[in-house]
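Engineer: Here's a structure for you.
The values are calculated or read from the model by the stated rules, or taken from the named source; none is laboratory data. Just so you know, these numbers come straight off a predicted model, no measurement behind them. So basically every Cβ, Gly included, is an ideal-geometry build from the backbone, and we count neighbours across all protein chains shown. The area values use the complete protein model at the heavy-atom level, side chains included, leaving out ligands, DNA and RNA. Shrake-Rupley method; radii C 1.70, N 1.55, O 1.52, S 1.80 Å.
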Amino acid sequence: MPELEGASVGQPPLDSPGCHRSLFQRHPGSRVSCCLTSILKVAAAGWLCTTGHQHTWNLGLDVPHNMLEQLLIHQPKDPIPFMINHLQRNNDYVPKIVILGPPASGKTTIAMWLCKHLNSNLLSVANLMAKEFSSLAADARRHYQKFKTVPSMLLIRLVQERLSEEDCVRRGWILDGIPETREQALMIQTLGIVPRHVIVLSAPDTVLIERNLGKRLDPQTGEIYHTTFDWPPESEIQNRLMVPAGISEGETAQKLLEYHRNITRILPSYPKILKVIPADQPCVDVFSQALTYVQSIHRSNAPFTPRVLLCGPVGSGKSLQAALLAQKYGLVNVCCGQLLKEAVADKSKYCEMILPFFEKEAAVPDSIIMKVLSQRLDQQDCVERGWVLHGFPRDLDQAHVLDSWGYKPNRVFFLNVPFDSIAERLTLRRTDPVTGERYHLMYKPPPTMEIQARLLQNPKDADERIKLRMDLFYRNAADLEQFYRQAITLNGDQDPYTVFEYIESGIINPLPKKVP
């Protein structure tokens, strides 16, 4: 059974004793471990006050998880101001990317494109050394002019200095070709510089040598062109291009040898955040794969209690999918229509309020539905194990009501099924009035002609009634999809277990990060 986003369904909440035990064990004597859960609540409250609105933490408790990571790295003497400052920055999802690759693999081009697309900051050895008003950069330039290299310690101190500046804190960063060695990778980790995504470009040496020989440099802009793959159309640029130093076949082969020797020792430092992309393909394809990867969010070890909402027209399979989720993951199956029927059958305190609407076959008001629904969702099993809700909300007003009562699903799925398929599913349903057994004339036909002769059809399954209910759903579907912006839309017109696999994947894996 796959894990739900790094945690079991019944995992303890943030303020339970076992939630951060592993963190306490690693740093039992630190100031951070002292009253950590209480501090988290104070910091979160301070953050909500400063932002001036309620914020829903995406992917369970990722924000506190990231904050705990920073606490363990920096070990502040006074954790409360540190955490409030961390929350006010609101930069938990800014890019923190490392791009590595051999000479001529195109890593600088990909890094520049990512930087422009993500509105982030590009850091390379060249632009770090070129930094003005920095004594470290001046030292690096002097050393490079003399030895054609920058000492590892000096380079990493340059990186640290640059990353502490406000634009990198606010908009993130992309390291181009850094770290160059395992020593530098370990230095970076020691300083608490933790990338979220590491991309390694890979291509055969023969391709890289050939590609390197065609490089041309624009001395004015620093842009790199190629005589075969990327030649500028403007004659003015063509005339000023020059052959960069160090791109001969022998020099490239020597650099490749050094790269291969170092990269095998660097990669083990990033086992869970690493993606290797073949660079022997069009640059736009490499960029597309790189962009897709850096926009993904890694699975978190933060506790995650699924609160699933299934939306779809009548006959789309919501009830079956909810039952499968409840069976496999122990979620509480909450069918809104069934709750109302049970409230009447059990003669609960809401029975007299609901019964008149049932007798008239009229819609039950949202205010009454929410009272019955909240009573169920507030029960201990829903709070601890999570829930899967279907049958409500059906329109934008109901979605707002559900949200205002504080019931915010963290996974929403829309099941799309065409009318012909739904008509086939519903209009052929029949019930045996003698035994109560349900049949389907196509998928589960009655065993004898005698039984078939006495089967009855529910009036709700008539073709006209189904079309009316479908039209009503799709009239409101666009507003619901706009309200639940992170919703996942699925093709419900396929084998139900295939649909379940897609839903299961959407619950287990983090939601994709949407970058404008």
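Engineer: How many residues, within the range 192-214, are of a type in the set (A, V, I, L, M), in contact with a strand residue (DSSP E or B) (Cβ under 9 Å, 6 or more places away or on another chain) and either outside any loop (DSSP other than H, G, I, E, B) or open to solvent by 40 Å² or more (accessible area, probe 1.4 Å) (or both)?
Structural biologist: 5
Engineer: Considering each residue of the range 352-368, count those that are crowded, with 17+ Cβ neighbours inside 10 Å and either over 37 Å from the mean Cα position of the chain (by Cα) or within 22 Å of PRO459 (Cα to Cα) (or both), and give that number.
Structural biologist: So the answer is 3.
Engineer: Can you tell me which of GLN457, GLN452 is open to solvent by less than 100 Å² (accessible area, probe 1.4 Å), at pLDDT 90 or above and under 16 Å from VAL314 (Cβ atoms)?
Structural biologist: Every option except GLN457 fails the conditions.
Engineer: Could I ask something else about it? Given the criterion open to solvent by 40 Å² or more (accessible area, probe 1.4 Å), in a helix (DSSP H, G or I), without any contact (Cβ under 8 Å) to a residue 40 or more places away in the chain and touching a helix residue (DSSP H, G or I) at 6+ places or on another chain (Cβ under 9 Å), identify the matching residue among LYS371, LYS349.
Structural biologist: None of the other options fit; the residue is LYS371.
Engineer: Return a yes/no flag: does the range 149-166 have any residue that is assigned to a helix (DSSP H, G or I), under 26 Å from the mean Cα position of the chain (by Cα) and modelled with pLDDT under 95.
Structural biologist: Checking the range 149-166: at least one residue is assigned to a helix (DSSP H, G or I), under 26 Å from the mean Cα position of the chain (by Cα) and modelled with pLDDT under 95.
Engineer: Okay, next question. Just give me the residues in the range 224-273 being assigned to a helix (DSSP H, G or I), surrounded by 12 or more Cβ atoms within 10 Å (Cβ to Cβ) and among the charged types (D, E, K, R), in sequence order.
Structural biologist: Once the filter is applied, which keeps residues that are assigned to a helix (DSSP H, G or I), surrounded by 12 or more Cβ atoms within 10 Å (Cβ to Cβ) and among the charged types (D, E, K, R), the range 224-273 yields ARG240, GLU251, LYS255, GLU258, ARG265.
Engineer: Return the pair list, or none, for Cβ contacts closer than 7 Å from residues in the range 164-186 that are farther than 28 Å from PRO103 by Cα to residues that are at pLDDT below 95 and in a helix (DSSP H, G or I), at least 6 apart or on different chains.
Structural biologist: Cβ pairs passing all conditions: VAL169/ARG89.
Engineer: I've got another one for you. Return only the number of the condition from (1) among the aromatic types (Phe, Trp, Tyr); (2) in a loop (DSSP other than H, G, I, E, B); (3) at pLDDT 90 or above that PHE133 does not satisfy.
Structural biologist: Against the list (1) among the aromatic types (Phe, Trp, Tyr); (2) in a loop (DSSP other than H, G, I, E, B); (3) at pLDDT 90 or above, PHE133 comes up short only on (3).
Engineer: Looking at (1) more than 30 Å from ARG411 (Cα to Cα); (2) in contact with a Lys or Arg (Cβ under 8 Å, 6 or more places away or on another chain), which is the only condition VAL286 fails?
Structural biologist: Evaluating VAL286 over (1) more than 30 Å from ARG411 (Cα to Cα); (2) in contact with a Lys or Arg (Cβ under 8 Å, 6 or more places away or on another chain) leaves (2) as the failure.
Engineer: Would you say PRO409 is open to solvent by 50 Å² or more (accessible area, probe 1.4 Å) and either in a loop (DSSP other than H, G, I, E, B) or among the basic types (Lys, Arg) (or both)?
Structural biologist: no
Engineer: Starting from residues that are over 25 Å from LEU118 (Cβ atoms) and of a type in the set (A, V, I, L, M), keep the ones in the range 474-516 and report whichever is modelled with the lowest pLDDT.
Structural biologist: Looking at residues that are over 25 Å from LEU118 (Cβ atoms) and of a type in the set (A, V, I, L, M), I get ILE508.
Engineer: Then there's this: Which ones in the range 464-505 are in a helix (DSSP H, G or I) and either of a type in the set (Ser, Thr, Tyr) or more than 24 Å from GLN398 (Cα to Cα) (or both)?
Structural biologist: GLU464, TYR474, PRO496, TYR497, THR498, VAL499, PHE500, GLU501, TYR502, GLU504, SER505
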